[in-house]
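Report on the following structure.
The values are calculated or read from the model by the stated rules, or taken from the named source; none is laboratory data. All figures in this text were calculated on a predicted structure; none of them were measured in a lab. Note that we place each Cβ from the backbone using ideal geometry, even for glycine, and neighbour counts take in every protein chain shown.
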Amino acid sequence: MLEIKNLHKSYPIGDSSLHVLKGINLSVKEGEMVAIMGSSGSGKSTLLNIIGMLDEADSGDYILDELPIKNLTEKKAAVYRNKFLGFIFQSFNLINYKNALENVALPLYYQGMKRKQRQEKALFHLEKVGLADWAHHLPKELSGGQKQRVAIARALAANPKLLLADEPTGALDTATSHEIMAFIQQLNDEGKTILMVTHEEDIASMCKRIVRLKDGVIMEDKPVTQVRASQYV
Amino acid sequence: MFKFLFDRDTWQEVFDSFSKNKLRSVLTMVGVWWGILLLIGLLGSARGLENAFNRLFGDFATNSVFIWGQSTGIPFKGFQEGRRVQLSLTDTKKVEENIEGIEFVVPRNLRQTSVTRKFQSGNFRVAGDYPLLDMVEKKRLLNGRFINQNDINNKRKVAVISEDIYKQLFEKKEQAVGQYILINNINFKVIGVHKLSNVNMGPPIDMHIPFTTFQQIFNQGDKIGWVMITGKPDYDIVQIEQDSKLLLKNLNNIHPDDKRAFGSANAGKEFGKVTGFLTGMQFLTWFVGIATLIAGVFAIGNILLITVRERTKEIGVRRALGATPFEIKRQIVVEAVFLTLVAGILGIITGGWILILLDHLFGQGDDAAIVNASVSILVVFIALFILVVLGTLIGLIPAFKATSVKPIEALREE
């Protein structure tokens with residue numbers, strides 16, 4: 001469902017430029033759960049941003065679900081993001097003056113869905129992450145784990161093909177991290193394709209496949225036996 | 001295209017971002033509110049002043065000139081300079097017949113003379129007048145009536161006295177009409193008491209008696225002291241004044257260039273000065289009001305720019321979730337217009353209160369300095385329209401700023 005061929009990306013730094021991605025080839029099938037690992041500066045976040053259409057590659061092909069992603073206008077990129085992708089961020093990125101329900105409903109708002117339908121659907125997803133009782137609380141009234149669960153519900157709301165997670169457990173303690181990972185694994189079990197960036201080995205080992213990046217090239221790409229997070233919870 | 005304006009969610013977003021930043025939004029709105037408040041307050045007061053002036057001049061034919069004889073300044077046709085110039089009734093008739101654009105010509109005789117009633121007496125200014133005077137200088141009668149044509153025809157010994165004289169010669173609450181007073185030792189019946197008007201050309205007159213009566217008791221013959229000339233509305237009173245003076249000079253053997261022979265007071269000229277001043281003031285009002293308004297709108301743009309800067313990350317998140325740049329821009333413009341409109345409407349309402357307050361303080365009674373201070377509804381709508389336009393334009397700046405940052409950079413912002 002995701003094909004990346006010979007992807008290059010460099011950033012200008014002053015007069016010179018920094019070559020961040022030097023020919024990435026990656027293919028992800030439906031239902032996979034892939035961890036992208038690497039030290040900082042390895043280009044893992046850049047890769048995720050390009051996959052998330054937040055950034056654009058200099059050269060190379062990126063095909064998402066048989067749709068070539070190239071030279072998108074801002075508007076088209078926005079529509080694709082909304083339709084195909086769900087984002088989970090390290091720092092949750094909830095809108096702090098909107099309550100949990102409204103946060104979850106936001107992608108649906110940009111889909112142009114009617115208010116009532118939107119709220120029903122958002123509540124359904126909140127129930128799924130076990131936070132239906134917290135629907136009308138503001139983010140500041142929620143714990144870190146709860147915030148991330150709201151963010152996951154938001155990512156799921158538009159029913160995306162691909163879930164992109166950028167260090168989803170980076171701001172959480174171990175116990176909460178495992179809790180969140182258990183939840184993400186459960187989503188994968190239900191058939192969601194998940195791509196996540198992490199630098200923690202134990203989190204990566206909870207995925208089904210690990211792609212290691214170093215200095216902009218893929219060093220290693222191998223399937224792993226999944227460690228179930230639920231055993232720690 | 002404007003469907004989104006009727007969408008509850010658009011407004012939900014506006015109210016959310018408003019209620020989140022109450023203090024900032026309120027401070028922002030103060031600028032515009034103050035601008036429109038000033039505009040409405042100033043315009044209303046200017047209008048009130050204008051109304052007050054109009055009311056002041058309302059009793060008075062503004063298109064009029066007063067001419068009286070003085071003494072010549074240039075020798076002419078064998079006459080030496082310094083000769084006294086005496087206007088006559090014949091002169092006024094000629095003026096009325098020959099000068100173009102004249103509405104009324106009203107002659108008047110004037111004399112300082114002793115007036116006695118019972119044990120009170122004094123020296124007062126007595127004028128012999130025609131009923132036509134009422135058309136030039138509207139007499140506000142407190143009691144009784146003004147001189148009429150019958151009084152003129154029958155040379156009746158009747159007098160219309162001013163409120164001032166009434167107070168000097170009569171007891172408090174005493175009925176003056178029907179009583180007799182002695183003018184120049186001749187009995188006159190008081191037929192009316194009038195209030196002196198606010199605007200007077202020449203000296204204030206203490207009492208009016210019929211012109212013909214004046215002629216007879218003071219042995220005036222054909223002589224008159226003053227003539228008041230009123231022009232038709234579409235004629236230039238300055239021109240009429242020049243024409244009349246030239247004719248009068250011709251009739252009285254006075255050198256055409258003699259500037260001293262006749263004295264005159266042109267109400268039209270004075271009135272023009274006042275209206276010019278009022279027009280200037282209105283212009284100033286508009287200028288100040290709109291300048292303040294623009295400053296206020298810029299303040300809104302400024303604050304929104306800061307807001308957008310603060311919300312960079314939020315905007316990045318929204319874009320990651322699928323908001324198109326157009327939707328982001330639209331939202332910010334709607335917020336800008338909404339803030340300006342609410343501030344503007346509040347400004348109009350409070351401006352109205354200020355006008356009400358002004359009316360209470362200065363707008364009561366006959367001699368009010370400000371009469372009916374008000375702003376036309378059209379002006380209000382124009383002001384609102386300008387606000388919407390300015391709000392949209394100023395909102396575009398932060399809107400473009402908001403979407404000029406790539407979502408990835410916006411998200412990276414901490």
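Here are a few things to note about the model shown:
- Residue count for segment A:37-85, restricted to those that are in a strand (DSSP E or B) and under 13 Å from A:GLU3 (Cα atoms): 7
- Applying the condition of being of a type in the set (Asp, Glu) and either under 14 Å from A:GLU74 (Cβ atoms) or touching a residue at least 40 places away in the same chain (Cβ under 8 Å) (or both) to segment B:313-339 and asking which residue is surrounded by the most Cβ atoms within 10 Å (Cβ to Cβ) yields B:GLU335.
- Test: residue in segment B:79-88 that is of a type in the set (Phe, Trp, Tyr), assigned to a strand (DSSP E or B) and modelled with pLDDT of 85 or more: no
- Residue within segment B:252-262 that is touching a Phe, Trp or Tyr at 6+ places or on another chain (Cβ under 9 Å), part of a helix (DSSP H, G or I) and not small (Gly, Ala, Ser) present: no
- Selected residue (criterion: farthest from the other protein chains (Cβ to nearest Cβ)) from residues of segment B:300-337 that are in contact with a strand residue (DSSP E or B) (Cβ under 9 Å, 6 or more places away or on another chain) and small (Gly, Ala, Ser): B:ALA320
- Residue list for segment A:129-162, restricted to those being of a type in the set (D, E, K, R) and either assigned to a helix (DSSP H, G or I) or at pLDDT 95 or above (or both): A:ASP133, A:LYS140, A:GLU141, A:LYS147, A:ARG149, A:ARG154
- Of the residues making up segment B:112-149, those that are in a loop (DSSP other than H, G, I, E, B) and in contact with a His (Cβ under 7 Å, 6 or more places away or on another chain) number 2.
- Scanning segment B:360-414 for residues that are among the small types (Gly, Ala, Ser) and in a loop (DSSP other than H, G, I, E, B), we see that the one that is farthest from the other protein chains (Cβ to nearest Cβ) is B:GLY365.
- Residues that are farther than 12 Å from B:THR307 by Cβ and either hydrophobic (A, V, I, L, M, F, W, C) or within 11 Å of another protein chain (Cβ to nearest Cβ) (or both) were ranked within segment B:24-34; the one that is surrounded by the most Cβ atoms within 10 Å (Cβ to Cβ) is B:VAL32.
- The set of residues in segment A:33-53 that are buried (at least 20 other Cβ atoms within 10 Å of the Cβ), more than 12 Å from the chain's Cα centre (by Cα) and at pLDDT below 90 comprises A:GLY38, A:SER42, A:GLY43, A:LYS44, A:THR46.
- A:LEU126, sole failed condition from (1) hydrophobic (A, V, I, L, M, F, W, C); (2) part of a helix (DSSP H, G or I); (3) away from every other protein chain (no Cβ under 12 Å); (4) in contact with a strand residue (DSSP E or B) (Cβ under 8 Å, 6 or more places away or on another chain): (4)
- Residue match in segment B:144-162 (condition: buried (at least 19 other Cβ atoms within 10 Å of the Cβ) and farther than 15 Å from B:ILE209 by Cα): no
- Pick from segment B:389-408, criterion closer than 13 Å to B:ALA320 by Cα and touching a Leu at 6+ places or on another chain (Cβ under 9 Å), ranking: surrounded by the fewest Cβ atoms within 10 Å (Cβ to Cβ): B:LYS406
- Matching residues in segment A:48-77 - criterion: being facing chain B (nearest Cβ under 8 Å) and in contact with a helix residue (DSSP H, G or I) (Cβ under 6 Å, 6 or more places away or on another chain): A:ASN49, A:LEU54, A:ASP55, A:GLU74
- Scanning segment A:190-232 for residues that are assigned to a loop (DSSP other than H, G, I, E, B), more than 24 Å from A:LYS128 (Cβ to Cβ) and touching a Lys or Arg at 6+ places or on another chain (Cβ under 9 Å) turns up A:HIS199, A:ASP215, A:GLY216, A:VAL224, A:THR225.
- Just one of the listed residues (B:ALA323, B:ALA343) is in the same structural domain as B:SER25 (by TED's automatic domain parsing), of a type in the set (A, V, I, L, M, F, W, C), outside any helix (DSSP H, G or I) and more than 24 Å from the chain's Cα centre (by Cα), and it is B:ALA323.
- One residue stands out in segment B:1-13 among those that are assigned to a helix (DSSP H, G or I) and among the acidic types (Asp, Glu): the one that is nearest to the other protein chains (Cβ to nearest Cβ), namely B:ASP9.
- Whichever residue in segment A:161-183 is in contact with a Ser or Thr (Cβ under 9 Å, 6 or more places away or on another chain) and within 14 Å of chain B (Cβ to nearest Cβ) and, among such residues, is nearest to B:ILE408 (Cα to Cα): A:ASP166
- Being within 14 Å of another protein chain (Cβ to nearest Cβ) and surrounded by fewer than 14 Cβ atoms within 10 Å (Cβ to Cβ) is a property that A:LYS29 lacks.
- Qualifying residue in segment B:95-111 (condition: in a loop (DSSP other than H, G, I, E, B), among the basic types (Lys, Arg) and outside the structural domain of B:ASP243 (by TED's automatic domain parsing)): no
- Test: residue in segment B:14-22 that is assigned to a helix (DSSP H, G or I), of a type in the set (Asp, Glu) and within 14 Å of chain A (Cβ to nearest Cβ): yes
- Applying the condition of being modelled with pLDDT under 90 and over 12 Å from A:ALA135 (Cα atoms) to segment A:94-108 and asking which residue is farthest from the other protein chains (Cβ to nearest Cβ) yields A:ASN96.
- Given (1) out of contact with any helix residue (DSSP H, G or I) (no Cβ under 9 Å at 6 or more places or on another chain); (2) modelled with pLDDT under 85; (3) not assigned by TED's automatic domain parsing to the domain that holds B:GLU241, number of the condition B:PRO75 does not satisfy: (3)
- Any hit, segment B:290-298, residues being part of a helix (DSSP H, G or I), surrounded by fewer than 20 Cβ atoms within 10 Å (Cβ to Cβ) and within 14 Å of chain A (Cβ to nearest Cβ): no
- A:LYS192 being crowded, with 20+ Cβ neighbours inside 10 Å and over 16 Å from A:SER45 (Cα atoms): yes
- Looking only at segment B:219-251, residues that are in a helix (DSSP H, G or I) and surrounded by fewer than 17 Cβ atoms within 10 Å (Cβ to Cβ) come to 7 in all.
- Only a single criterion out of (1) surrounded by 14 or more Cβ atoms within 10 Å (Cβ to Cβ); (2) without any contact (Cβ under 8 Å) to a residue 60 or more places away in the chain is not satisfied by A:ALA175, namely (1).
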